[in-house]
1. Which of the residues that make up segment 31-61 are surrounded by fewer than 24 Cβ atoms within 10 Å (Cβ to Cβ), among the acidic types (Asp, Glu) and in contact with a strand residue (DSSP E or B) (Cβ under 8 Å, 6 or more places away or on another chain)?
2. Output the residue which, of all residues in segment 14-30 that are assigned to a loop (DSSP other than H, G, I, E, B), out of contact with any Ser or Thr (no Cβ under 8 Å at 6 or more places or on another chain) and on the phi < 0 side of the Ramachandran plot, is surrounded by the fewest Cβ atoms within 10 Å (Cβ to Cβ).
3. Checking residue 148 against (1) at pLDDT below 75; (2) surrounded by 17 or more Cβ atoms within 10 Å (Cβ to Cβ); (3) among the hydroxyl-bearing types (Ser, Thr, Tyr), which test does it fail?
4. Tell me which residues, restricted to segment 118-137, are outside any strand (DSSP E or B), at negative phi and modelled with pLDDT of 60 or more.
5. Here are 140, 75: which of them is surrounded by fewer than 15 Cβ atoms within 10 Å (Cβ to Cβ), on the phi > 0 side of the Ramachandran plot and at pLDDT 85 or above?
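The values are calculated or read from the model by the stated rules, or taken from the named source; none is laboratory data. Bear in mind the structure is a predicted one, so any value in this text is a computation, not a measurement. We place every Cβ from the backbone using ideal geometry, glycine too, and count neighbours over all the protein chains shown.
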Amino acid sequence: MGRHLHRHAGWDLGRPQPALRALADTGALQGRVLDVGCGTGEHVLMAAELGLDATGVDFAPNALQVAERKARERGLTARFLRRDARKLEDLGELFDTVLDCGLFHIFDDDDRTAYVASVRSVLPPGGRFFLLCFSDRQPGDQGPRRITGNDIDSTERATLASPTNPDGIHAWLVALTRT
């Protein structure tokens, strides 16, 4: 649990990641949107601003409280739930679009397998999954495990904006459609 709290504290930009904002601007976010590992809610609130049914789940209660406060302050309707990302089936719901900004890459192999099954459980055929994660192009070994382009079907080079790295961090923006 401490790992999740630390992850949010260092990554809260107070705005959406530019790669996901650009995706939203193209109309790629559709229908019911779920942000897994939503932290303080910037991507959920971005979806709500677009008039979409927006839900965020996270395991860190402090981050969820901040997200709820932001929603109130901005006059936006969004739902924030404390849930384990590896057990999304417990929601008993389906979502048209699922977002993950920086959660998948913190998991070890076993948790990654559980997480992928969990996301699949809430994504109907035709649903889209967008993942923004550390790239193997990012030098050094600070931060989470890198993801290689070979791990996934469709990737686009992206940058994760960082409050501590003005140049940003090399990332992948992955778009998958459930078949």
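1. Correct list: 53 only.
2. 26
3. Unmet for residue 148, out of (1) at pLDDT below 75; (2) surrounded by 17 or more Cβ atoms within 10 Å (Cβ to Cβ); (3) among the hydroxyl-bearing types (Ser, Thr, Tyr): (2).
4. Taking segment 118-137 as the starting set, the residues that turn out to be outside any strand (DSSP E or B) are 118-127, 136-137.
Next cut, at negative phi only: 118-125, 127, 136-137.
Residues satisfying the conditions are 118, 119, 120, 121, 122, 123, 124, 125, 127.
5. On the way: 140 fails: at pLDDT 85 or above.
Just one listed residue meets the conditions, 75.
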